[in-house]
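Structure record follows, encoded as structure tokens.
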Amino acid sequence: MLSYTLLTVFVVDLLSTTGDVTLSWTSPMYPKLYSNDTNINPLSQPITVQQDAWLGSLVTIGAMVGPFPFSFLAEKYGRKISLLCIALPHTIAYLTMAFARNIYWFYFGRVLGGLAMGGGYTLVPMYIAEVSRDKNRGAMSQTLNVFTSIGNFLPYAIGPFLSVRWFNLILAAIPTVCFLIFVFVGPETPHYLVSVNEIEKAEKSLMLLRSRDKKEIQMELDSIRSHLKEYEDGHFTDILRNRGLRKALIICLVLIIAQELCGFCAITFYLQPIFETVGARIPPDISALIVGMSMFGSSFFPLFLIDRAGRRFLTICSCFGMFISLLVIGTFFYLKDFTDVNVAPFFFVLILSLIFFIFSFNFGICSVPWTLTSEMFPNNVKQISASAVTCTCWIISFVVTKFFNDMNNIMGRAGTFWFFAASCLFTAIFSIIYLPETKGKSFKEIQDMLNGVKSIEEDIIEKEEMLHKSNIIKI
């Protein structure tokens with residue numbers, strides 16, 4: 001039986017689908033906007049290389065700003081209202097680009113879509129974490145990965161076969177449907193309601209989410225109230241002063257920077273052009289579709305593993321997998337660009353390496369940083385930390401996507417992919433040394449762990465071990 005919590009999570013996940021459609025939108029659109037055929041290109045002339053770069057990077061500029069206004073709305077008016085507000089600019093952005101006849105309207109749509117995407121990446125993981133149970137919070141958060149993969153896959157699946165207008169009109173329907181359903185289905189989170197002292201509404205929200213009566217949800221409600229009492233109004237300086245929160249922020253920032261420095265956004269933005277430069281027999285749009293299908297298919301595996309194997313294990317495996325695949329891709333382009341080797345017969349190596357890269361990315365680094373950001377910070381600084389992490393994410397993404405072509409010109413395509421590989425290797429080593437495991441832990445237990453406070457169970461086990469050792473010594 002589908003739980004109400006899962007139903008709610010699925011609905012709000014549609015915002016993640018819309019956000020990642022915004023990312024991969026450029027791949028099937030670039031060939032159309034470069035076309036001289038006015039039946040294909042709605043602009044009066046083909047776009048330039050500079051316009052190409054701005055179409056790819058403007059979305060990240062909007063995403064840098066997006067976390068802050070939407071976090072303010074989430075704190076002031078609640079998570080539900082803020083999520084509904086995110087759907088509106090997404091819809092307006094796609095409708096604008098559907099009827100655009102000037103490059104500047106496309107710029108406007110990309111910035112507006114990025115604004116909503118930045119807000120979504122901040123608030124959707126937070127909402128999911130706050131409506132989920134401790135024991136399945138990881139799996140619920142991982143559904144984001146499935147829906148973002150759908151968003152990445154959709155442009156490859158339909159973009160090459162539709163006009164610019166119909167493509168954008170179809171994309172506009174996704175946030176519109178999300179808005180209409182979420183108005184009626186989505187409850188406000190119990191955490192937010194408790195934080196504004198709406199205890200009765202928090203009870204009703206928990207009863208609806210858990211499909212339980214008032215008595216059965218009291219323990220969880222008391223846990224939320226106890227946790228929130230420890231942390232009242234917070235500021236960014238509170239994060240810097242607290243050892244545990246400072247550690248959590250550093251971990252989340254390193255992982256989110258690694259998520260961008262692995263080159264995923266640059267690769268998805270330019271996937272179809274990458275295949276065009278190789279000159280293989282398989283059409284570039286079909287090659288991109290194959291890789292897009294791997295994005296969608298591989299997104300299901302972590303869903304069943306994150307609350308079993310844990311966040312740390314998935315992140316380490318993800319980074320090592322990306323390191324290997326990017327190393328191979330870099331070698332492929334080195335042979336093509338700097339040697340006389342004919343790489344066309346080995347085109348399948350490029351496709352398989354990209355598929356393995358996408359699989360590895362989805363396996364951990366894609367969603368784990370967002371999961372950790374939503375669960376490693378207390379309620380009073382959650383909006384602040386989420387905004388800081390999201391803004392950092394899109395600043396790095398902007399730099400990578402805006403200067404991806406420049407990196408290729410300066411370092412060569414091989415050097416660019418090897419740089420991405422080195423970033424993945426560093427992150428894998430960092431995760432082995434510093435990344436804690438948070439699976440199955442309550443928000444309070446996570447805070448205690450970060451601050452070096454032992455849980456009751458750990459304290460009992462430690463005392464039993466000390467008693468056991470003392471008995472051995474006496475014997």
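FYI, it's all coordinate maths here, none of it is from the lab. Everything numeric here is computed off the predicted structure, so don't read it as measured data. Glycine gets a Cβ as well: all are built from the backbone with ideal geometry, and neighbour counts include every protein chain shown.
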Anisotropy class of the stretch 385-447 from Cα gyration tensor, a/c 1.5 cut
oblate
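Take the cross-link list Lys76/Lys382; Lys214/Lys382; Lys76/Lys214 and give me the ones stretching past 23 Å between alpha-carbons.
Table pairs above 23 Å Cα-Cα are Lys214/Lys382; Lys76/Lys214.
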The simple spin-label model distance between Ile395 and Val341, using points 7 Å out along Cα→Cβ, in nm, is 3.9 nm
Find, among the GluC sites (Glu not before Pro) in the stretch 110-207, those assigned to loop by DSSP (not H, G, I, E, B) with at most 16 other beta-carbon atoms within 10 angstrom.
Glu198
Packing-based exposure ordering (other Cβ within 10 Å, fewest first) of Val59, Val124, Val49:
Val49, Val124, Val59
Semi-axes of the stretch 4-440 from the Cα gyration tensor (sqrt of 5 times each eigenvalue, largest first, whole Å) come to 37, 25, 18
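Under the 0.36 nm per residue contour assumption, what length would be gained going from the current alpha-carbon distance of Val183 and His235 to full extension?
Values: separation 52, 0.36 × 52 = 18.72 nm, distance 3.11 nm.
Stretched out fully, the Val183 to His235 stretch lengthens by 15.6 nm.
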Which order results if Tyr434, Tyr107, Tyr127 are arranged by neighbouring Cβ count within 10 Å, fewest first?
Tyr434, Tyr107, Tyr127
When only Cα pairs under 8 Å and 6 or more residues apart are kept, what is the percent relative contact order across the stretch 4-440?
25 percent
Neighbour-count ranking for Asp406, Asp134 (other C-beta within 10 angstrom, fewest to most) reads Asp406, Asp134
